[in-house]
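To start, the structure itself, in structure tokens.
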Amino acid sequence: MNNLFDVHYALQILPALLRASAYTIAITLIGFAIALVLGLGFAILRRSPIKPVARTVGFVVEFIRSTPLLIQVYVLFYVLPTYGVTMSALTAGTVGIAVHYACYTSEVYRAGLNGVPRGQWEAACALSLSPWRTYAGVVLPQAIRPVVPALGNYLVAMFKDTPVLSAITVVELMQQAKNIGSETFRFLEPITLAGLFFLVISIASAQLVRRVELRLRLP
């Protein structure tokens, strides 16, 4: 068997890998959208004046951040069904990666919220603004701009962590590459193409985040 890179074989397996890459991108985008919203909720709840709420959310965030994503998706897919909660592999994987990264984005949001000058909070209080108007109109526009690069880093990291979901039978890009290699006993081409896909999509995501950062930058 020729050990060099076989271009003809690579072109044959390219459509299957493209389909798997689209699947991977969809999981990443849906999971990241959930992580952005849920992470913001966690960050705001950790600032709650109700101490039990703030401490409970803080414990959950630290617990999830301190345990591996692999264990979390195993629990969602293999353990929860014994308690009557059943999810498909795709749903469990998407929920697992979304909640995992929501805890990381919550820390990014929390840093942004802590960076808003105290005078802004006091001014909103003096104007008798509701908590909703304070966050939506005063605090969040100032808090989110500086943390966009950090949030973008987690988008790229989430995309590169999708191969973990193959452990619960989600056939994403890397798993598809391994499946093709197992069928043909030729791993060089599928693994190389998968690596190139990850590289190209990661660079494109980083450039997209950079453009968003520039658009949100203050004059």
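The values are calculated or read from the model by the stated rules, or taken from the named source; none is laboratory data. Because the structure is a prediction, the values reported are computed rather than measured. For neighbour counting, all protein chains shown are included, and Cβ atoms are generated from backbone atoms with ideal geometry for every residue, glycine included.
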Q) Can you pull out the residues in the stretch 1-13 that are in a helix (DSSP H, G or I) and surrounded by fewer than 15 Cβ atoms within 10 Å (Cβ to Cβ)? A) 7, 8, 11, 12
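So which of 55, 110, 47 ends up being in contact with a Leu (Cβ under 9 Å, 6 or more places away or on another chain) and charged (D, E, K, R)?
It is 47.
In the stretch 82-102, is there at least one residue being of a type in the set (Phe, Trp, Tyr) and either under 15 Å from residue 151 (Cα atoms) or touching an Asp or Glu at 6+ places or on another chain (Cβ under 7 Å) (or both)? Reasoning before the result, please.
Taking the stretch 82-102 as the starting set, the residues that turn out to be of a type in the set (Phe, Trp, Tyr) are 83, 101.
Now restrict to residues that are either under 15 Å from residue 151 (Cα atoms) or touching an Asp or Glu at 6+ places or on another chain (Cβ under 7 Å) (or both): 101.
Taking every residue of the stretch 82-102 in turn, at least one turns out to be of a type in the set (Phe, Trp, Tyr) and either under 15 Å from residue 151 (Cα atoms) or touching an Asp or Glu at 6+ places or on another chain (Cβ under 7 Å) (or both).
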Q. Looking at this structure, is residue 167 assigned to a helix (DSSP H, G or I), within 19 Å of the chain's Cα centre (by Cα) and on the phi < 0 side of the Ramachandran plot?
A. yes
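Hey, among the residues in the stretch 188-219 that are of a type in the set (D, E, K, R) and surrounded by 15 or more Cβ atoms within 10 Å (Cβ to Cβ), which one's modelled with the lowest pLDDT? Spell out the reasoning first.
If we filter the stretch 188-219 for residues that are of a type in the set (D, E, K, R), which is where we start, we get 189, 210-211, 213, 215, 217.
Remaining after also requiring surrounded by 15 or more Cβ atoms within 10 Å (Cβ to Cβ): 189, 213.
On the way: 189: 91, 213: 82.
Out of the qualifying residues, it is 213.
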(Q) Could you check the stretch 120-166 and list, in sequence order, the residues that are modelled with pLDDT of 85 or more, of a type in the set (Gly, Ala, Ser) and touching a helix residue (DSSP H, G or I) at 6+ places or on another chain (Cβ under 7 Å)? (A) 143, 150, 152, 166
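Does residue 173 satisfy the criteria of being at negative phi, in contact with a Leu (Cβ under 7 Å, 6 or more places away or on another chain), modelled with pLDDT under 90 and not β-branched (Val, Ile, Thr)?
Values: at negative phi: yes; in contact with a Leu (Cβ under 7 Å, 6 or more places away or on another chain): yes; modelled with pLDDT under 90: yes; not β-branched (Val, Ile, Thr): yes.
Yes: the conditions hold for residue 173.
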